[in-house]
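The values are calculated or read from the model by the stated rules, or taken from the named source; none is laboratory data. Small disclaimer: the values here were computed from a predicted structure and weren't measured. Glycine gets a Cβ as well: all are built from the backbone with ideal geometry, and neighbour counts include every protein chain shown.
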Amino acid sequence: MNDGALQLFGVKLLGLSALTLHKAVLTLVFVVGLIAFRAVLDWIIRAVLPRQRRERRSFWVRQAANLLTAGLLLLSMLSIWFDDPGRLATGIGLVSAGLAFALQKVVTSFAGYFLIIRSRVFTVGDRITMGGVRGDVIALGFLQTTLMEMGDPVTGQTTVWVHGRQYTGRIVTITNDKIFEEPVFNSTRDFPFIWEEIIVPITYASDRARAERILRDAAEAKTADIQRDAEPFRREMNDAYHLELETLAPQVFLRITDNWLEMSLRFIVRDQSSRDTKDQIARAILTGFDEAGIGIASTTVDIVAFPPLRMKS
(Lines give C-alpha, C1' and ligand atoms only; values in the text may rest on other atoms or scores of the structure.)
Protein backbone atom coordinates (compact mmCIF):
# COMPACT_ATOMS: atom_id res chain seq x y z
CA MET A 1 0.00 0.00 0.00
CA ASN A 2 1.28 3.46 -0.93
CA ASP A 3 -0.53 6.63 0.26
CA GLY A 4 -3.56 4.54 0.98
CA ALA A 5 -3.75 3.20 -2.62
CA LEU A 6 -4.10 -0.54 -3.16
CA GLN A 7 -1.40 -2.31 -5.13
CA LEU A 8 -1.35 -5.65 -6.92
CA PHE A 9 2.12 -7.13 -7.59
CA GLY A 10 3.59 -3.70 -7.14
CA VAL A 11 1.12 -2.03 -9.55
CA LYS A 12 -1.07 0.70 -8.13
CA LEU A 13 -4.75 0.04 -8.80
CA LEU A 14 -6.22 3.24 -10.11
CA GLY A 15 -9.13 4.51 -8.04
CA LEU A 16 -8.83 1.80 -5.40
CA SER A 17 -7.84 2.55 -1.85
CA ALA A 18 -8.62 1.34 1.61
CA LEU A 19 -11.17 4.13 1.95
CA THR A 20 -12.84 3.22 -1.36
CA LEU A 21 -12.98 -0.44 -0.40
CA HIS A 22 -14.45 0.49 2.98
CA LYS A 23 -17.15 2.58 1.25
CA ALA A 24 -17.94 -0.25 -1.19
CA VAL A 25 -18.40 -2.73 1.65
CA LEU A 26 -20.56 -0.23 3.54
CA THR A 27 -22.65 0.33 0.41
CA LEU A 28 -23.21 -3.41 0.04
CA VAL A 29 -24.28 -3.67 3.67
CA PHE A 30 -26.78 -0.82 3.25
CA VAL A 31 -28.23 -2.33 0.06
CA VAL A 32 -28.69 -5.75 1.66
CA GLY A 33 -30.21 -4.12 4.73
CA LEU A 34 -32.68 -2.12 2.62
CA ILE A 35 -33.69 -5.24 0.70
CA ALA A 36 -34.38 -7.02 3.98
CA PHE A 37 -36.26 -3.96 5.27
CA ARG A 38 -38.42 -3.92 2.13
CA ALA A 39 -39.18 -7.63 2.48
CA VAL A 40 -40.29 -7.10 6.09
CA LEU A 41 -42.58 -4.26 5.01
CA ASP A 42 -44.20 -6.49 2.36
CA TRP A 43 -44.78 -9.20 4.97
CA ILE A 44 -46.37 -6.69 7.36
CA ILE A 45 -48.65 -5.38 4.59
CA ARG A 46 -49.88 -8.86 3.74
CA ALA A 47 -50.36 -9.78 7.39
CA VAL A 48 -52.14 -6.60 8.53
CA LEU A 49 -54.46 -5.79 5.62
CA PRO A 50 -57.54 -7.99 5.11
CA ARG A 51 -57.42 -10.07 1.94
CA GLN A 52 -60.62 -8.65 0.44
CA ARG A 53 -59.31 -5.08 0.74
CA ARG A 54 -55.65 -5.76 0.30
CA GLU A 55 -55.30 -4.66 -3.30
CA ARG A 56 -56.31 -1.00 -3.18
CA ARG A 57 -55.07 -0.23 0.33
CA SER A 58 -51.79 -2.06 -0.11
CA PHE A 59 -51.26 -0.19 -3.39
CA TRP A 60 -50.74 3.11 -1.60
CA VAL A 61 -48.88 1.46 1.27
CA ARG A 62 -46.52 -0.19 -1.22
CA GLN A 63 -45.97 3.08 -3.04
CA ALA A 64 -45.06 4.74 0.27
CA ALA A 65 -42.73 1.84 1.05
CA ASN A 66 -41.12 2.16 -2.39
CA LEU A 67 -40.55 5.89 -1.91
CA LEU A 68 -39.19 5.36 1.60
CA THR A 69 -36.81 2.65 0.43
CA ALA A 70 -35.62 4.72 -2.53
CA GLY A 71 -35.14 7.77 -0.32
CA LEU A 72 -33.10 5.80 2.22
CA LEU A 73 -30.99 4.30 -0.56
CA LEU A 74 -30.29 7.71 -2.10
CA LEU A 75 -29.51 9.26 1.28
CA SER A 76 -27.14 6.44 2.21
CA MET A 77 -25.33 6.60 -1.15
CA LEU A 78 -24.85 10.35 -0.86
CA SER A 79 -23.67 10.05 2.74
CA ILE A 80 -21.16 7.29 1.95
CA TRP A 81 -19.67 8.48 -1.32
CA PHE A 82 -20.08 12.25 -1.18
CA ASP A 83 -18.98 13.27 2.27
CA ASP A 84 -17.37 16.42 0.83
CA PRO A 85 -20.01 19.08 -0.10
CA GLY A 86 -17.87 20.25 -2.99
CA ARG A 87 -17.65 16.78 -4.47
CA LEU A 88 -21.36 16.33 -3.90
CA ALA A 89 -22.23 19.44 -5.90
CA THR A 90 -19.89 18.41 -8.70
CA GLY A 91 -21.30 14.90 -8.77
CA ILE A 92 -24.89 16.11 -8.85
CA GLY A 93 -24.08 18.46 -11.73
CA LEU A 94 -22.43 15.71 -13.77
CA VAL A 95 -25.21 13.23 -13.09
CA SER A 96 -27.89 15.79 -13.94
CA ALA A 97 -26.22 16.65 -17.23
CA GLY A 98 -25.89 12.99 -18.15
CA LEU A 99 -29.50 12.22 -17.27
CA ALA A 100 -30.81 15.20 -19.19
CA PHE A 101 -28.99 14.09 -22.33
CA ALA A 102 -29.03 10.28 -22.32
CA LEU A 103 -31.95 9.27 -20.13
CA GLN A 104 -34.73 11.61 -21.13
CA LYS A 105 -37.38 8.87 -21.33
CA VAL A 106 -36.31 7.40 -18.00
CA VAL A 107 -36.43 10.78 -16.26
CA THR A 108 -39.80 11.57 -17.82
CA SER A 109 -41.20 8.19 -16.77
CA PHE A 110 -39.91 8.73 -13.24
CA ALA A 111 -41.56 12.17 -13.17
CA GLY A 112 -44.74 10.58 -14.51
CA TYR A 113 -44.74 8.19 -11.57
CA PHE A 114 -44.81 11.08 -9.09
CA LEU A 115 -47.55 12.79 -11.10
CA ILE A 116 -49.65 9.62 -10.99
CA ILE A 117 -49.16 9.31 -7.23
CA ARG A 118 -49.63 13.00 -6.45
CA SER A 119 -52.69 13.56 -8.64
CA ARG A 120 -54.21 10.11 -8.04
CA VAL A 121 -54.60 9.64 -11.77
CA PHE A 122 -55.27 5.95 -11.14
CA THR A 123 -54.65 3.24 -8.60
CA VAL A 124 -54.34 -0.53 -8.71
CA GLY A 125 -57.59 -2.15 -9.81
CA ASP A 126 -58.73 0.87 -11.84
CA ARG A 127 -59.83 0.29 -15.42
CA ILE A 128 -57.96 2.74 -17.64
CA THR A 129 -56.89 3.38 -21.21
CA MET A 130 -53.25 4.46 -21.36
CA GLY A 131 -50.87 4.51 -24.29
CA GLY A 132 -53.59 3.11 -26.53
CA VAL A 133 -54.07 0.05 -24.28
CA ARG A 134 -57.24 -0.60 -22.30
CA GLY A 135 -57.12 -2.75 -19.17
CA ASP A 136 -57.05 -3.04 -15.40
CA VAL A 137 -54.04 -1.69 -13.49
CA ILE A 138 -52.26 -4.56 -11.74
CA ALA A 139 -48.96 -2.87 -10.85
CA LEU A 140 -47.33 0.56 -10.78
CA GLY A 141 -43.57 1.01 -10.70
CA PHE A 142 -41.20 3.97 -10.80
CA LEU A 143 -40.86 3.71 -14.59
CA GLN A 144 -43.78 1.67 -15.91
CA THR A 145 -47.39 0.70 -15.36
CA THR A 146 -48.63 -2.85 -15.88
CA LEU A 147 -52.12 -3.58 -17.25
CA MET A 148 -54.17 -6.71 -17.76
CA GLU A 149 -55.29 -6.03 -21.31
CA MET A 150 -58.89 -6.24 -22.42
CA GLY A 151 -60.77 -5.80 -25.66
CA ASP A 152 -62.48 -2.58 -26.64
CA PRO A 153 -65.46 -2.52 -29.01
CA VAL A 154 -65.00 1.21 -29.69
CA THR A 155 -61.45 1.45 -31.02
CA GLY A 156 -61.64 -1.69 -33.14
CA GLN A 157 -57.90 -2.34 -32.93
CA THR A 158 -56.82 -5.13 -35.25
CA THR A 159 -54.37 -6.46 -32.65
CA VAL A 160 -57.17 -7.02 -30.12
CA TRP A 161 -59.39 -9.93 -31.08
CA VAL A 162 -61.83 -9.60 -28.17
CA HIS A 163 -64.74 -7.36 -29.21
CA GLY A 164 -65.88 -6.50 -25.70
CA ARG A 165 -64.57 -5.20 -22.40
CA GLN A 166 -63.20 -8.55 -21.26
CA TYR A 167 -59.65 -9.76 -20.64
CA THR A 168 -57.56 -10.92 -23.58
CA GLY A 169 -55.10 -12.72 -21.29
CA ARG A 170 -52.13 -10.51 -22.19
CA ILE A 171 -50.20 -8.43 -19.66
CA VAL A 172 -48.97 -5.13 -21.08
CA THR A 173 -46.33 -2.81 -19.60
CA ILE A 174 -46.47 0.90 -20.47
CA THR A 175 -43.88 3.52 -19.54
CA ASN A 176 -45.17 6.24 -17.24
CA ASP A 177 -44.08 9.03 -19.59
CA LYS A 178 -47.23 8.35 -21.66
CA ILE A 179 -49.31 10.46 -19.26
CA PHE A 180 -47.46 13.55 -20.58
CA GLU A 181 -48.16 12.63 -24.21
CA GLU A 182 -51.66 11.15 -24.30
CA PRO A 183 -54.86 11.38 -22.24
CA VAL A 184 -55.51 8.70 -19.63
CA PHE A 185 -59.11 7.44 -19.55
CA ASN A 186 -60.17 6.18 -16.13
CA SER A 187 -63.49 4.33 -16.06
CA THR A 188 -63.62 3.54 -12.34
CA ARG A 189 -61.95 6.33 -10.38
CA ASP A 190 -64.78 8.57 -9.18
CA PHE A 191 -67.74 7.19 -11.11
CA PRO A 192 -67.43 3.40 -11.62
CA PHE A 193 -70.23 3.33 -14.17
CA ILE A 194 -70.51 4.08 -17.87
CA TRP A 195 -73.36 4.69 -20.28
CA GLU A 196 -73.85 2.12 -23.01
CA GLU A 197 -76.02 2.11 -26.12
CA ILE A 198 -77.74 -0.54 -28.20
CA ILE A 199 -78.86 0.59 -31.66
CA VAL A 200 -81.82 -1.26 -33.16
CA PRO A 201 -83.19 -0.39 -36.66
CA ILE A 202 -86.85 -1.12 -37.38
CA THR A 203 -88.98 -0.57 -40.44
CA TYR A 204 -91.26 2.45 -40.66
CA ALA A 205 -94.25 0.11 -40.84
CA SER A 206 -93.49 -1.35 -37.40
CA ASP A 207 -95.25 -0.27 -34.22
CA ARG A 208 -92.56 2.14 -33.05
CA ALA A 209 -94.36 3.02 -29.80
CA ARG A 210 -94.41 -0.61 -28.75
CA ALA A 211 -90.84 -1.13 -29.93
CA GLU A 212 -89.71 1.81 -27.82
CA ARG A 213 -91.56 0.42 -24.82
CA ILE A 214 -89.90 -2.98 -25.28
CA LEU A 215 -86.44 -1.40 -25.39
CA ARG A 216 -87.03 0.73 -22.32
CA ASP A 217 -88.60 -2.08 -20.29
CA ALA A 218 -85.75 -4.49 -21.14
CA ALA A 219 -83.12 -1.98 -20.00
CA GLU A 220 -85.05 -1.00 -16.88
CA ALA A 221 -85.41 -4.62 -15.77
CA LYS A 222 -81.68 -5.33 -16.13
CA THR A 223 -80.30 -2.05 -14.74
CA ALA A 224 -82.65 -1.17 -11.86
CA ASP A 225 -80.13 -2.21 -9.19
CA ILE A 226 -77.30 -0.50 -11.09
CA GLN A 227 -79.26 2.78 -11.16
CA ARG A 228 -79.83 2.54 -7.42
CA ASP A 229 -76.12 1.94 -6.73
CA ALA A 230 -75.04 4.73 -9.09
CA GLU A 231 -77.30 7.44 -7.66
CA PRO A 232 -75.01 8.37 -4.70
CA PHE A 233 -72.04 8.60 -7.09
CA ARG A 234 -74.06 10.82 -9.43
CA ARG A 235 -74.92 13.24 -6.62
CA GLU A 236 -71.32 13.30 -5.42
CA MET A 237 -70.03 13.99 -8.94
CA ASN A 238 -72.52 16.83 -9.38
CA ASP A 239 -71.46 18.43 -6.09
CA ALA A 240 -67.71 17.90 -6.49
CA TYR A 241 -67.31 18.89 -10.14
CA HIS A 242 -70.34 21.15 -10.67
CA LEU A 243 -71.77 18.77 -13.24
CA GLU A 244 -75.33 18.05 -14.16
CA LEU A 245 -75.21 14.36 -14.96
CA GLU A 246 -78.30 13.21 -16.80
CA THR A 247 -80.91 10.87 -15.47
CA LEU A 248 -79.84 7.30 -14.82
CA ALA A 249 -83.06 5.84 -16.20
CA PRO A 250 -82.93 4.19 -19.65
CA GLN A 251 -83.73 6.46 -22.59
CA VAL A 252 -84.63 5.80 -26.22
CA PHE A 253 -83.64 8.20 -29.01
CA LEU A 254 -84.92 8.07 -32.59
CA ARG A 255 -83.09 8.91 -35.80
CA ILE A 256 -84.71 8.99 -39.21
CA THR A 257 -82.69 7.44 -42.04
CA ASP A 258 -83.39 6.66 -45.70
CA ASN A 259 -83.89 2.97 -45.04
CA TRP A 260 -85.24 2.52 -41.51
CA LEU A 261 -86.01 4.13 -38.18
CA GLU A 262 -82.98 3.89 -35.93
CA MET A 263 -83.75 3.48 -32.21
CA SER A 264 -80.85 4.07 -29.80
CA LEU A 265 -81.30 2.65 -26.32
CA ARG A 266 -79.12 4.42 -23.74
CA PHE A 267 -78.61 2.93 -20.27
CA ILE A 268 -76.07 2.83 -17.45
CA VAL A 269 -73.93 -0.20 -16.56
CA ARG A 270 -71.03 -1.12 -14.32
CA ASP A 271 -67.88 -0.95 -16.40
CA GLN A 272 -66.65 -4.34 -15.18
CA SER A 273 -69.83 -6.09 -16.33
CA SER A 274 -70.91 -4.02 -19.31
CA ARG A 275 -70.78 -6.86 -21.82
CA ASP A 276 -72.88 -9.18 -19.65
CA THR A 277 -75.49 -6.47 -19.09
CA LYS A 278 -75.69 -5.63 -22.79
CA ASP A 279 -76.09 -9.30 -23.62
CA GLN A 280 -78.98 -9.70 -21.17
CA ILE A 281 -80.72 -6.59 -22.49
CA ALA A 282 -80.24 -7.66 -26.13
CA ARG A 283 -81.76 -11.07 -25.42
CA ALA A 284 -84.75 -9.46 -23.68
CA ILE A 285 -85.25 -7.12 -26.66
CA LEU A 286 -85.22 -9.98 -29.15
CA THR A 287 -87.73 -11.92 -27.06
CA GLY A 288 -90.01 -8.88 -26.82
CA PHE A 289 -89.76 -8.19 -30.57
CA ASP A 290 -90.60 -11.81 -31.41
CA GLU A 291 -93.68 -11.72 -29.19
CA ALA A 292 -94.81 -8.41 -30.72
CA GLY A 293 -94.08 -9.47 -34.29
CA ILE A 294 -91.61 -6.62 -34.82
CA GLY A 295 -88.76 -7.31 -37.17
CA ILE A 296 -85.32 -5.72 -37.23
CA ALA A 297 -84.65 -3.83 -40.44
CA SER A 298 -81.71 -4.76 -42.66
CA THR A 299 -80.30 -3.98 -46.08
CA THR A 300 -81.58 -7.21 -47.62
CA VAL A 301 -83.69 -6.83 -50.76
CA ASP A 302 -86.78 -8.92 -51.56
CA ILE A 303 -87.32 -9.55 -55.29
CA VAL A 304 -91.07 -9.68 -55.84
CA ALA A 305 -91.21 -9.92 -59.65
CA PHE A 306 -89.04 -10.71 -62.67
CA PRO A 307 -89.33 -9.13 -66.09
CA PRO A 308 -90.59 -11.50 -68.83
CA LEU A 309 -87.89 -13.60 -70.43
CA ARG A 310 -87.76 -14.17 -74.17
CA MET A 311 -85.82 -17.01 -75.69
CA LYS A 312 -84.42 -16.61 -79.18
CA SER A 313 -83.68 -19.68 -81.19
- Message: I'd like to verify a number: residues in the range 174-221 that are within 30 Å of residue 261 (Cα to Cα), crowded, with 19+ Cβ neighbours inside 10 Å and under 27 Å from the mean Cα position of the chain (by Cα), how many?
- Response: 2
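For (1) outside the structural domain of residue 67 (by TED's automatic domain parsing); (2) more than 9 Å from the chain's Cα centre (by Cα); (3) at pLDDT below 85, each residue gets a yes or a no:
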position: 96; (1), (2), (3): no, yes, yes
position: 118; (1), (2), (3): yes, yes, no
position: 132; (1), (2), (3): yes, yes, no
position: 142; (1), (2), (3): yes, yes, no
position: 148; (1), (2), (3): yes, no, no
position: 151; (1), (2), (3): yes, yes, no
- Query: Could you say whether any residue in the range 235-254 is surrounded by fewer than 14 Cβ atoms within 10 Å (Cβ to Cβ), over 29 Å from residue 150 (Cβ atoms) and modelled with pLDDT of 95 or more?
  - Reply: yes
- Message: Restricting to the range 106-132, give me the number of residues that are closer than 24 Å to residue 169 by Cα and in contact with an Asp or Glu (Cβ under 6 Å, 6 or more places away or on another chain).
- Response: 3
